[in-house]
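The next block holds one structure in the form of structure tokens; read it before the comments.
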């Protein structure tokens, strides 16, 4: 058994070197730039993203367009810029209008590596409402190209137990480049999940 563990550790280390990744606690292979203690990217969110998502599916532009046209997934836009919470009303204030993929639900601020108090629970509550509590409902999580918020948010959904999580790394930039329409969206209302 000890020999097996040593061989597995050696294989993980080799894979990490060849993929430009690093093993995290528990031996899971993570992309370079991800904090191994948390399993999330915690800084420099606007940077080239990896081509894999542990436990999830990575969609290219054509597969994302197909998923949307088939209505096969709940679309989750996690763009953080453009919306802030008003501390007096606990409601979203849109500072930059957001154009997104038709049918998407905008959940701003849920892709940071170390979310503020309550943000992760708000995200999980929103996912539960949007999937009607069905953990195998297909999700498509995105933002814009070269943005780690969507990678983090997709990983967070996987870690919460969602079994069919797809990450679209090109996000609304890739969608626009395909010549497909983007439409105005509003942030998901805070507290809506509890109503």
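Within segment 36-67, the residues that satisfy the criterion of being part of a helix (DSSP H, G or I) and in contact with a strand residue (DSSP E or B) (Cβ under 7 Å, 6 or more places away or on another chain) are 64, 67. A single member of 75, 12, 17 is part of a strand (DSSP E or B) and either modelled with pLDDT of 90 or more or not assigned by TED's automatic domain parsing to the domain that holds residue 134 (or both), and it is 75. Criterion applied to 189, 184 was being surrounded by fewer than 17 Cβ atoms within 10 Å (Cβ to Cβ), in contact with a strand residue (DSSP E or B) (Cβ under 9 Å, 6 or more places away or on another chain) and in a loop (DSSP other than H, G, I, E, B), and the one residue passing it is 189. With respect to residue 117, is the statement that it is on the phi < 0 side of the Ramachandran plot and at pLDDT 95 or above true? Criteria not met by residue 117.
Which residue is modelled with the highest pLDDT, if the candidates are limited to segment 83-107 and must be out of contact with any helix residue (DSSP H, G or I) (no Cβ under 9 Å at 6 or more places or on another chain) and surrounded by 13 or more Cβ atoms within 10 Å (Cβ to Cβ)? Result: 106.
Of the residues in segment 113-125, at least one is surrounded by fewer than 24 Cβ atoms within 10 Å (Cβ to Cβ), farther than 22 Å from residue 35 by Cα and touching a residue at least 12 places away in the same chain (Cβ under 8 Å).
The values are calculated or read from the model by the stated rules, or taken from the named source; none is laboratory data. Not measured: the values here are computed from a predicted model. Cβ coordinates were reconstructed from backbone atoms using ideal geometry, including for glycine residues, and neighbour counts include every protein chain displayed.
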